[in-house]
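Have a look at the structure below before the remarks.
Computed from the coordinates by the stated procedures, all read-outs in this text should not be read as laboratory data. Quantities reported herein were computed from a predicted structural model and do not represent experimental measurements. Cβ placement follows ideal geometry from the backbone for every residue including glycine, while neighbour counts extend to all protein chains displayed.
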Amino acid sequence: MRNPRRTQKIAFFLLFLATLFIVVPVGLIVIIIIQKGLPAVNWQFLSDVPRQGMRAGGIFPAIIGTVYLVTGAIIFALPIGVLAAIYLNEYAGDNFLTRIIKLAIVNLAGVPSVVYGLFGLALFVVFFRFGASIIAGSFTLGIMTLPIIITTSREALESVPYSFREVSRSLGASKWQTIRYIVLPNALSGILTGTILGLGRAAGETAPILFTVAAFYLPRLPHSVFEQTMALPYHLYVISTQVPNVDEKVRYGTALVLLALVLFMNLVAIVIRFKFRKKKKW
Amino acid sequence: MDNISAIEISGLDLWYGDFHALKNIRAGFRERIITAIIGPSGCGKSTLLRVLNRMNDLVEGVRMSGHVLMKQEDIIGEAVDVTGLRKKVGMVFQRPNPFPLSIYENIVFGPRIHANMRRHELDDIVEKSLRSVLLWEELKDKLNRSALDLSLEQKQRLCIARLTAVKPDILLMDEPCSTLDPQSTQRIEELMRELKKDYTIIIVTHNMQQAARISDETGFMLLGELIEFGPTEHVFTSPDDRRTEDYITGRYG
């Protein structure tokens, strides 16, 4: 028999190493991007339009475009996702139909993002005649985020203790009043956290906006939701592969801004979760 | 004591799916007294209690037949206004379960749901309700504190206050003291004696001493049947049924 203590030590070491491998790439990505991109980031870079064929100037329209897209996606997907989660969790019984719906949601989460892009092109751009526009892009990103919103919302609703619902109903509240005044307020932090994390992912996606909204070069701000716009991830793709002789630090600067935007959204989610968790004690 | 009946039950049967949980129950609960329902775990006493405010409706696969009359109205059946019923028949649960809101918000939850009220009306209700459970002096300056910071006993009192705020006639109590220490239990029992002046109280309890201490009438249940029902003294000192005697003397349960 070999020494079990030594076996355990080796096992711990290997497990630790595996965990370390998660941290290393994240750290390297952040460090490299900051190192190479930070010199490019200044006020002009953040507030000016692209100039000289995107080799100089700033990325302001792309930043604003991404903000518009994410905002549009929230407006579209949050209500639908939360309402669907309420239906599935509070009203729907366990039957064939709801099992199909749940299966569909799981599969929706597994659809590759480029397929969402094609779907958005077919449905919103062509069929609904929105054209390549902010509204088409927002809807596409929204649909892509729906499974995450629904899943996290359901988890949040489920975590509200049954006893709260029971008391509320016993006081004569209807099912809807119970959901509206007791369940939702207590599930809100979980719902918001999940939504923001989902949108953070969507904000960085290129494929879904490729055919539905993103403009190759549009050095001004969009005037309406039916116009195209530049967006950070697509802009990054363009200046990295489509435009020759772009300074490396401009590319990395753009990546840094995108990364900062996504990390900022995650940070907001973490703060929300932390604040609410401190309050709740059941 | 010749109080009128608050609730008349006759021929009541209840099934959870295939399980026959209540068998041909017949009983009359009189107004403004405390009636205790005792019996071993799983005998159906909580189920019987939850028939009276139709909380069993929340369980899937429940079927009921028979009659439960409150003020000449049968509360069994599809057409019954369950919301109205639950306003009249409130329930205190085993674990004190205030909402994660302030003390004030906990109490006004019911009234707000049932009517549009002005601030000063709500303030009145809060004071009255807290007075009815003898918490007003303790808590009047802390109404905006979270109800979750109260002691267990205070929480249970608050839950009772939350009930009295919707002005029910009947209070159902499902083992209201089982999570409390003996001193708190004693004080809640005193409160119940106080409350029976205004409310009809039906309490389900595991604790036979508690039933003997506070109730005027007692029902003993076993395996879904109401074996014996009558004045507490009678049930505890000279029960008619052998099984009641066995339970009370501790042969099972």
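Within the stretch A:134-154, can one find any residue that is away from chain B (no Cβ under 14 Å) and either outside any helix (DSSP H, G or I) or over 19 Å from the mean Cα position of the chain (by Cα) (or both)?
no
Working carefully through the options A:57, A:93, find the one that is surrounded by fewer than 23 Cβ atoms within 10 Å (Cβ to Cβ), touching a residue at least 24 places away in the same chain (Cβ under 8 Å) and out of contact with any Ser or Thr (no Cβ under 7 Å at 6 or more places or on another chain). Steps first, please.
Numbers: A:93 fails: touching a residue at least 24 places away in the same chain (Cβ under 8 Å).
Answer to the selection: A:57.
Of everything in the stretch B:221-241, what is more than 12 Å from residue B:24 (Cα to Cα) and assigned to a loop (DSSP other than H, G, I, E, B)? Give them in sequence order.
Residues satisfying the conditions are B:238, B:239, B:240, B:241.
Yes or no, residue by residue, for (1) in contact with a helix residue (DSSP H, G or I) (Cβ under 6 Å, 6 or more places away or on another chain); (2) under 23 Å from residue B:205 (Cα atoms); (3) among the basic types (Lys, Arg):
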site	(1), (2), (3)
B:17	no, no, no
B:26	no, yes, yes
B:37	yes, yes, no
B:51	no, yes, no
B:54	yes, yes, yes
B:60	no, no, no
B:72	no, no, no
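If you scan the stretch B:144-165, which residues turn out to be within 12 Å of chain A (Cβ to nearest Cβ), part of a helix (DSSP H, G or I) and farther than 19 Å from residue A:166 by Cα?
Of everything in the stretch B:144-165, just one residue is within 12 Å of chain A (Cβ to nearest Cβ), part of a helix (DSSP H, G or I) and farther than 19 Å from residue A:166 by Cα, namely B:149.
So which residues in the stretch B:28-69 are surrounded by fewer than 21 Cβ atoms within 10 Å (Cβ to Cβ) and part of a strand (DSSP E or B)?
If the condition is that a residue be surrounded by fewer than 21 Cβ atoms within 10 Å (Cβ to Cβ) and part of a strand (DSSP E or B), then B:28, B:30, B:62, B:63, B:64, B:65, B:66, B:67, B:69 are the ones that fit.
Can you go through A:273, A:277, A:251 and tell me which one is within 14 Å of chain B (Cβ to nearest Cβ) and either in a helix (DSSP H, G or I) or surrounded by 15 or more Cβ atoms within 10 Å (Cβ to Cβ) (or both)? Full working, then the answer.
Details: A:273 fails: within 14 Å of chain B (Cβ to nearest Cβ); A:251 fails: within 14 Å of chain B (Cβ to nearest Cβ).
Every option except A:277 fails the conditions.
Which of the residues belonging to the stretch B:93-107 are under 19 Å from residue B:130 (Cβ atoms) and either more than 9 Å from chain A (Cβ to nearest Cβ) or in a helix (DSSP H, G or I) (or both)?
B:96, B:102, B:103, B:104, B:105, B:106, B:107
Mind checking which residues of the stretch B:76-92 are within 14 Å of chain A (Cβ to nearest Cβ), in a loop (DSSP other than H, G, I, E, B) and without any contact (Cβ under 8 Å) to a residue 24 or more places away in the chain? Write out each step before concluding.
First pass over the stretch B:76-92, keeping only residues within 14 Å of chain A (Cβ to nearest Cβ): B:80-92.
Then keep just the ones that are in a loop (DSSP other than H, G, I, E, B); that gives B:80-81.
B:81, the sole residue that qualifies.
Please work out if residue B:7 is more than 14 Å from chain A (Cβ to nearest Cβ), buried (at least 17 other Cβ atoms within 10 Å of the Cβ) and either out of contact with any strand residue (DSSP E or B) (no Cβ under 8 Å at 6 or more places or on another chain) or under 24 Å from residue B:159 (Cα atoms) (or both). Step through it out loud before you land on a result.
On the way: more than 14 Å from chain A (Cβ to nearest Cβ): yes; buried (at least 17 other Cβ atoms within 10 Å of the Cβ): yes; either out of contact with any strand residue (DSSP E or B) (no Cβ under 8 Å at 6 or more places or on another chain) or under 24 Å from residue B:159 (Cα atoms) (or both): yes.
It is true that residue B:7 is more than 14 Å from chain A (Cβ to nearest Cβ), buried (at least 17 other Cβ atoms within 10 Å of the Cβ) and either out of contact with any strand residue (DSSP E or B) (no Cβ under 8 Å at 6 or more places or on another chain) or under 24 Å from residue B:159 (Cα atoms) (or both).
Go through the stretch A:165-182 and give me each residue that's buried (at least 20 other Cβ atoms within 10 Å of the Cβ) and either at the interface with chain B (Cβ under 7 Å from one of its Cβ atoms) or in a loop (DSSP other than H, G, I, E, B) (or both).
Residues of the stretch A:165-182 that are buried (at least 20 other Cβ atoms within 10 Å of the Cβ), as a first pass: A:167-173, A:178-179, A:182.
A:167, A:169, A:170, A:171, A:172, A:173, A:182 - these are the residues of the stretch A:165-182 that are buried (at least 20 other Cβ atoms within 10 Å of the Cβ) and either at the interface with chain B (Cβ under 7 Å from one of its Cβ atoms) or in a loop (DSSP other than H, G, I, E, B) (or both).
If a residue has to be of a type in the set (Ser, Thr, Tyr) and within 9 Å of chain B (Cβ to nearest Cβ) to count, how many in the stretch A:183-194 make the cut?
0
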